[in-house]
Amino acid sequence: FGPRLFWYTLYATLMKNYLMAVMLHFLAACSMLLPMIQAAQFLQGGSGAGHTALKGEGDRAITQIVKLLKGMLEDSQKEADEEKNLYAKFKCYCDDNTAEKTESIKTLTKQIALLEANIEELLGSTGLLSKQVAALKAEMDNNQQMRKTAEALREDEKEAFEKAEADMTEAIGQLKQALEILGEVGADQTLEESAEHEQFMAGYKDGSSLLKLKTSVKQALLAANSFVSPKQSRRVESFLQSPFAGSYASNSGEVFGILVNMKETFESNLAAARSAEKAAVKAYEKFMETKREEFKVMEDSFKTKQSTMTDNDGSLEEKRTALQVAEKQKTDDEDFLEKLLPMCEKKAKEFEERNMLRTQEQAAITEAIAILDSDQAFSTFGKVKATSEGATGFLQLTAVGHGPKISADSKMRQQAVEMLQQASNGSSKILRVAAMLRAGNPFTKVLAAIENMKKLIAEEAAVDKEQLDWCKSEREENNGKKKEKEAQIKELESAISELEKTIDHPETGLKVMIKETEDSLVENSKSQAEETKARREENVVYQENVANTAKAVELLQTGIEKLEKYYSDLKEQQEKELELVQKKRADPEPPETWSGSYKGQSTQGNKVLEMLNFVLKATADEETAHHDAEQQAQTDYEDSMAALKKAEEDLQESLAKSQKELAEAEKSLVMKRQELEKTEAEKLAIEQYLEKIKPGCDFITDNYEDREKNRGLETKALKNAAKLLKGTPAFAAATATEKKESWGKCRKICSKEEAHVDCKACLAHVSVPGYCAGHPGTAGC
């Protein structure tokens, strides 16, 4: 229907100019009469060659002019058809290139905007990734440094433990050996003999064992220096340094007990140290595993972001190149369109002007033919020698001498022409029939033309109806598709907006959540490291405090023991002196000096002892408080670390979930944007298609009823004209003549009586008896 739309548009343009053509054709006809008359005069009195060329076959001069005009009309129509074909091709060229370049410019404009947005997005993404990569690098370095610090600390702890373990193991071995030696010499008080030292030792002469005992015990004391009290240490050293004199049982038994306690303390401390080392190793391995996992996550993220940055750089270069190409192509298309549109407008204006002038020319030629070839002109030119010489040029008209019959036919023709002109409303079809009537064409030819015109009108009506239905269907279907695409675009834009909000919202977006989670992980790791460091420092302070309180307790106990022993001995001596005094006889009293035995500072000493015991109890309580605080701090630390570990696991799960959701959301966003771009392109194509069919469809929609009405009037006028023509004597005579001519060689026979068997047999090309045999009821059989 594209070409039809073009011709409908062209037809509408021509119809607008038709009234002007009708107004001007009279002037054009008048302007052409003078050269026609001059040509007739030339034909009548011209030279032989020209005369023969124009007149030909005995035509009158005016007849030759009419034929020349008809030839001009045919040539004009051929030229119009050729120009229509040429302009149609040019119009297609203009329409196609205009639509193509307009679409290209629109697409390129959108593509340029999209590329610029993509470039900005890539630059922003690269900048953000660069910051994230730098932050990850710093976190990775911090992670590595924390692991190195932990490794160094673990090595120091391991070295200290191994040294302490070796010392304690060696001390335990030496104590075992010392105890075995003491056991052999009876220091454990298990032997049945209870003789005095000299008697017991008289049977034990192995000096090397005693020397070995002395060495082992000294080494054990050196290793256990921090676990035995000074009193115990001095007691053992005194035992080792003093000669074996006096009662052996009292000294060796006490030393044996001290050594047993030392051995048990060593074994307990060794077990505790090993348990602590095992726990420390487990905590270290857990810490290192966690840090390695964190490092692996950060390293994977680092590599992924580095890869994304590399991909972004490649995409950025590609999109910048594509942007340059798109901008250049858009500039070229705009330059081409800037030259094309004026050229097409100019050509369209020229074509419209040429059609208008051609229509005016054809109208003028048609009017001239009607005037020169009419009955009135025939009568007038027949009386003029210059125009009447030559063969008769008018059909279905008798000689001038048959005045009444010619007058009746001419009157009927004129009546039909006037009726057609009144009903024409500018219709070229009716005016063409009217021109044929004015030109004196045979009635049969005019009636045939009327039938052809009626067929053309019916075909045109069918084409208009088909075009109207097509336009309605196309517009309804494509407007429906357009609404569907608009709904899809709205839905996609809403989905894209929601995805962008999900990804980039400054408070609830996935990127912000991921950043917050990553910051929380860093803060969690930092908190673990700080709490671990603080716990170690607190433990060091605790050990110092416990050592100080233990030392203080030891000193206090030693001081109390000294004072108690002294005052106890003093009291015992006073009691002895009192007994001696009571046993002595009365002697002369000495001069007065001081009374009573020496009490010294016993009163204040007892107060000091009370104070020392109070301080001792307070110090013991303080030590207990240190132990309780350490235990509570360790419990709080373990609870806090467990909570931090749990929070870290939750944060890692949340981070992985958010990163997965972000990847899915970004993928969905890209797909939605691509789908939106595709849908907008489809909507644009629909809009362009509707715009393309708009001129033709608007014309047929706006003018369909008027065209139908005009076609009804045209058809009615043509029918009335045909009815009027068929009622003329000339048409009856022409019909009769045509019928007689159709009889051919049977014309003479059938002229007598058409119904007679002679005529019937002649027309059937059979013999009379033969025809009668088949048609016995025929007249003459």
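Say whether the condition of being closer than 26 Å to Q543 by Cβ, at pLDDT 90 or above, open to solvent by 80 Å² or more (accessible area, probe 1.4 Å) and in a helix (DSSP H, G or I) is met by at least one residue in region 641-660. No - not one qualifying residue is present in region 641-660. Of the set (1) over 30 Å from V297 (Cβ atoms); (2) at pLDDT 65 or above, all apply to E577 but (2). For region 303-321, the tally of residues that are among the small types (G, A, S) and either modelled with pLDDT of 90 or more or out of contact with any helix residue (DSSP H, G or I) (no Cβ under 7 Å at 6 or more places or on another chain) (or both) stands at 2.
Which members of region 284-309 meet the condition of being without any contact (Cβ under 8 Å) to a residue 24 or more places away in the chain and of a type in the set (V, I, T)? Across region 284-309, the qualifying residue is only T304.
Here T502 meets the list (1) open to solvent by 40 Å² or more (accessible area, probe 1.4 Å); (2) of a type in the set (S, T, N, Q); (3) farther than 28 Å from E664 by Cβ almost entirely, failing just condition (3). When restricted to residues that are open to solvent by 70 Å² or more (accessible area, probe 1.4 Å) and of a type in the set (A, V, I, L, M), region 282-315 contains 1.
Results for (1) part of a helix (DSSP H, G or I); (2) within 16 Å of A80 (Cβ to Cβ); (3) in contact with a Ser or Thr (Cβ under 9 Å, 6 or more places away or on another chain), shown as yes or no for each residue.
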residue: E334; (1), (2), (3): yes, no, no
residue: L341; (1), (2), (3): yes, no, yes
residue: K349; (1), (2), (3): yes, no, no
residue: R354; (1), (2), (3): yes, yes, no
residue: R358; (1), (2), (3): yes, yes, yes
residue: E361; (1), (2), (3): yes, yes, yes
residue: I365; (1), (2), (3): yes, yes, yes
residue: I369; (1), (2), (3): yes, no, no
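So, in region 716-756, how many residues would count as being open to solvent by less than 30 Å² (accessible area, probe 1.4 Å), touching a residue at least 40 places away in the same chain (Cβ under 8 Å) and either within 25 Å of G780 (Cβ to Cβ) or not small (G, A, S) (or both)? I'd like the intermediate steps shown before the answer.
Residues of region 716-756 open to solvent by less than 30 Å² (accessible area, probe 1.4 Å): 717-718, 721-722, 725, 728, 730, 734, 746, 750.
Filter again for touching a residue at least 40 places away in the same chain (Cβ under 8 Å), leaving 717-718, 721-722, 725, 728, 730, 734.
Restricting the remaining residues to those that are either within 25 Å of G780 (Cβ to Cβ) or not small (G, A, S) (or both) gives 718, 725, 728.
Summing the residues that are open to solvent by less than 30 Å² (accessible area, probe 1.4 Å), touching a residue at least 40 places away in the same chain (Cβ under 8 Å) and either within 25 Å of G780 (Cβ to Cβ) or not small (G, A, S) (or both) in region 716-756 gives 3.
Return the residues of region 472-499 that are more than 30 Å from Q688 (Cα to Cα) and open to solvent by less than 70 Å² (accessible area, probe 1.4 Å); say none if nothing qualifies. Break it down into steps so the answer makes sense when it comes.
From region 472-499, those more than 30 Å from Q688 (Cα to Cα) are 498-499; that's our starting set.
Answer for region 472-499, where residues must be more than 30 Å from Q688 (Cα to Cα) and open to solvent by less than 70 Å² (accessible area, probe 1.4 Å): just L499.
For region 486-506, which positions are β-branched (V, I, T) and under 20 Å from A663 (Cβ atoms)?
The initial filter retains those residues of region 486-506 that are β-branched (V, I, T), namely 489, 496, 502-503.
Selection gives I496, T502, I503.
Quick one: in region 757-766, which of the residues that are assigned to a helix (DSSP H, G or I) and of a type in the set (A, V, I, L, M, F, W, C) is most open to solvent (accessible area, probe 1.4 Å)? Working first, answer last.
Of the residues in region 757-766, the ones assigned to a helix (DSSP H, G or I) are 757-764.
So of that shortlist, the ones also of a type in the set (A, V, I, L, M, F, W, C) come out as 757, 759, 761-764.
Values: V757: 2, C759: 0, A761: 3, C762: 28, L763: 70, A764: 49 Å².
The selected residue is L763.
Output the number of residues of region 707-730 satisfying the condition of being closer than 22 Å to K465 by Cα and not in a helix (DSSP H, G or I). Matching residues across region 707-730 total 0.
For beta carbons closer than 8 Å, sequence separation of 6+ or different chains, a first residue in region 662-673 that is more than 10 Å from L499 (Cβ to Cβ) and a second that is open to solvent by less than 40 Å² (accessible area, probe 1.4 Å) and part of a helix (DSSP H, G or I), the qualifying pairs are L662/I503; L662/L510; L662/I514.
Return yes when K330 is over 30 Å from S130 (Cα atoms), modelled with pLDDT of 70 or more, out of contact with any Cys (no Cβ under 7 Å at 6 or more places or on another chain) and of a type outside the set (F, W, Y) and no when it is not.
Details: over 30 Å from S130 (Cα atoms): yes; modelled with pLDDT of 70 or more: yes; out of contact with any Cys (no Cβ under 7 Å at 6 or more places or on another chain): yes; of a type outside the set (F, W, Y): yes.
Yes; evaluated as a whole, the condition is true for this residue.
If you go through region 331-364 and pick out every residue that is over 54 Å from the mean Cα position of the chain (by Cα) and open to solvent by less than 70 Å² (accessible area, probe 1.4 Å), you end up with 7. If you filter region 674-695 down to residues that are touching a residue at least 12 places away in the same chain (Cβ under 8 Å) and among the basic types (K, R), you find that the one that is most open to solvent (accessible area, probe 1.4 Å) is K692. Pairing each residue of region 149-163 that is closer than 18 Å to K533 by Cα with any residue that is part of a helix (DSSP H, G or I), provided the two are 6+ apart or on different chains, yields C-beta distances under 7 Å for A150/Y284; A150/F287; A150/M288; R154/Y284; E157/A280. Residues that are hydrophobic (A, V, I, L, M, F, W, C) and within 23 Å of the chain's Cα centre (by Cα) were ranked within region 505-536; the one that is surrounded by the most Cβ atoms within 10 Å (Cβ to Cβ) is L510.
Pull up region 76-122, narrow it to residues that are farther than 27 Å from K346 by Cβ and of a type in the set (A, V, I, L, M, F, W, C), then point me to the one that is most open to solvent (accessible area, probe 1.4 Å). Looking at the filtered set, the residue picked out is L114.
The values are calculated or read from the model by the stated rules, or taken from the named source; none is laboratory data. Everything numeric here is computed off the predicted structure, so don't read it as measured data. All Cβ positions, glycine included, derive from the backbone under ideal geometry; neighbour counts span all protein chains shown. The accessibility values were calculated without ligands, DNA or RNA, using every heavy atom of the protein model including side chains. Shrake-Rupley method; radii C 1.70, N 1.55, O 1.52, S 1.80 Å.
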